[in-house]
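**Student:** My questions will all concern the structure given below.
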């Protein structure tokens, strides 16, 4: 029996490949984006309490009302944005799921979606699974800013959506307010929908500000904004995220969601709601900024080159130009097998595997982990 190939990406994704190599060769895993330190004790206890208190059956399809209301309150406090908990917020089993569901809600075969590369690896297969075509536009290194003329030139009568990501994975670049204003000018008088991946929105460094699509009055009316509790509270394994979109878009989103997952684990939702309402949620951005600073300081004693410190996210991009002229995938595998540190090659974030000899480190780790990893990297050369 011949099974259909729904997208152009073949084989296991790069995160599974590199994490598998890390396990096989007992390497320190700075590849996949997950913290290796303990969860906030308050949040852990809330999860236990939720399970013991009977929050163990199906949650309502859009998500527990108490969590959606807590999110609405949180956005009012942090952004001064009014969000309707009933008609605009949907709880999902992770942000990657929410991105897929948003694409499925809007795309038809033959549509085109502009994506800015390098980009998170789920975007391309999500687009193609829905019968649409991805139109890549490369960001401008080394700051990975947007070339807006290229974006304009990529738009066609078939363009259904543009997906953006700030803070950016894998580079940590962030958008300024002027970027949103320019995007609004470009899509004005069109029916182009914006999918805004903002999962690292609370991991912003150097006193910079995260500008959300929800703050832009014009763009908000045509946008899905996607978020992740895993990135905010260092509990990626809980796989709980959410979408915020206008009521019409939310209805289309839920029409798909109800036949995919239907609902998200109830005790996790309740624990997150209580954590948000408690006021005890820590300032994760400051924690990650310190880890970034420590990592960059440690890396000065290696042969790797950091051209620009990341402004947000879990990740720092580095060049290995002083070490090898190998392709980045080959180098990442060599580094894992021979030096005991796993990373991600940046070429895996491009449709055409564009190779600029850059790799991505995840610094969302315990200090001990970072020290041990850099000790191994210092031995190179």
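**Student:** Over the stretch 55-278, what relative contact order in percent results from Cα pairs under 8 Å that are six or more residues apart?
**Tutor:** On the way: 398 pairs, mean separation 68.3, N = 224.
Reported relative contact order: 30 percent.
**Student:** Which percent of the Cα-Cα distances in the stretch 86-129 go past 12 Å?
**Tutor:** Numbers: 618 of 946 pairs.
Roughly 65 percent, rounded to a whole number.
**Student:** Could you check the simple spin-label distance between residue 262 and residue 41, using points 7 Å along Cα→Cβ, in nm with one decimal?
**Tutor:** Simple spin-label model gives 3.9 nm for this pair.
**Student:** If R₀ is 35 angstrom, what is the calculated FRET efficiency for the pair residue 296 and residue 152, using the beta carbon separation as r and rounding to 0.05? Please report the intermediate quantities before stating the final value.
**Tutor:** Details: r = 35 Å, r/R0 = 1.00.
The value I calculate is 0.50.
**Student:** So what are the three principal axis dimensions of the stretch 55-278 from its Cα atoms, in whole Å, longest to shortest?
**Tutor:** 51, 42, 30
**Student:** Also, quick follow-up: Take the alpha carbon atoms of the stretch 206-225, find their center, do the same for the stretch 113-190, and report the distance between the two centers in whole angstrom.
**Tutor:** About 15 Å separates the Cα centre of the stretch 206-225 from the one of the stretch 113-190.
**Student:** Then there is this: State, as an integer percentage, the relative contact order of the stretch 204-281 based on alpha-carbon contacts under 8 Å between residues 6 or more apart.
**Tutor:** Working: 51 pairs, mean separation 16.0, N = 78.
Value for the stretch 204-281: 21 percent.
**Student:** For the stretch 266-381, take the alpha-carbon Rg, divide it by the Kirkwood Rh, and send me Rg/Rh.
**Tutor:** Numbers: Rg = 17.0 Å, Rh = 15.8 Å.
Across the stretch 266-381, the Cα-based Rg/Rh ratio is 1.08.
**Student:** Further question on the same structure: Could you work out the Kirkwood radius for the chain, taking every pair of different alpha carbons, averaging 1/r and inverting it, reported in Å?
**Tutor:** Values: mean 1/r = 0.0465 Å⁻¹.
After inverting the mean inverse Cα-Cα distance, the result is 21.5 Å.
**Student:** Kindly work out what percent of the DSSP beta bridges joining two residues of the stretch 55-278 are antiparallel, to the nearest 5.
**Tutor:** Numbers: 9 of 28 bridges.
Bridges in the stretch 55-278 that DSSP calls antiparallel: roughly 30 percent.
**Student:** When DSSP assigns beta bridges and you keep just the ones with both residues in the chain, what percent turn out antiparallel, to the nearest 5? Intermediate values should be presented prior to the final figure.
**Tutor:** Numbers: 18 of 39 bridges.
The antiparallel proportion sits near 45 percent.
**Student:** Output the peptides 71-77, 337-343 sorted from most to least packed, where packing is the average of other Cβ atoms within 10 Å over each peptide's residues.
**Tutor:** Going from most to least packed, we get 337-343, 71-77.
**Student:** Divide the volume of the convex hull of the Cα atoms of the stretch 20-123 by its number of residues and quote the answer in cubic angstrom per residue.
**Tutor:** Numbers: hull volume 23.2 nm³, N = 104.
About 223 Å³ per residue, rounded to a whole number.
**Student:** Using Cα pairs closer than 8 Å and at least 6 residues apart in sequence, work out the relative contact order for the chain, in percent. Provide the component values of the computation, followed by the final result.
**Tutor:** On the way: 726 pairs, mean separation 97.6, N = 381.
Contact order relative to length: 26 percent.
None of the figures in this text is laboratory data; all of them are computed from the coordinates on show. Here the structure is a predicted model, which means the values were calculated and not measured. Heads up, the Cβs are rebuilt from the backbone with ideal geometry, glycines too, and the neighbour counts pull from every protein chain shown.
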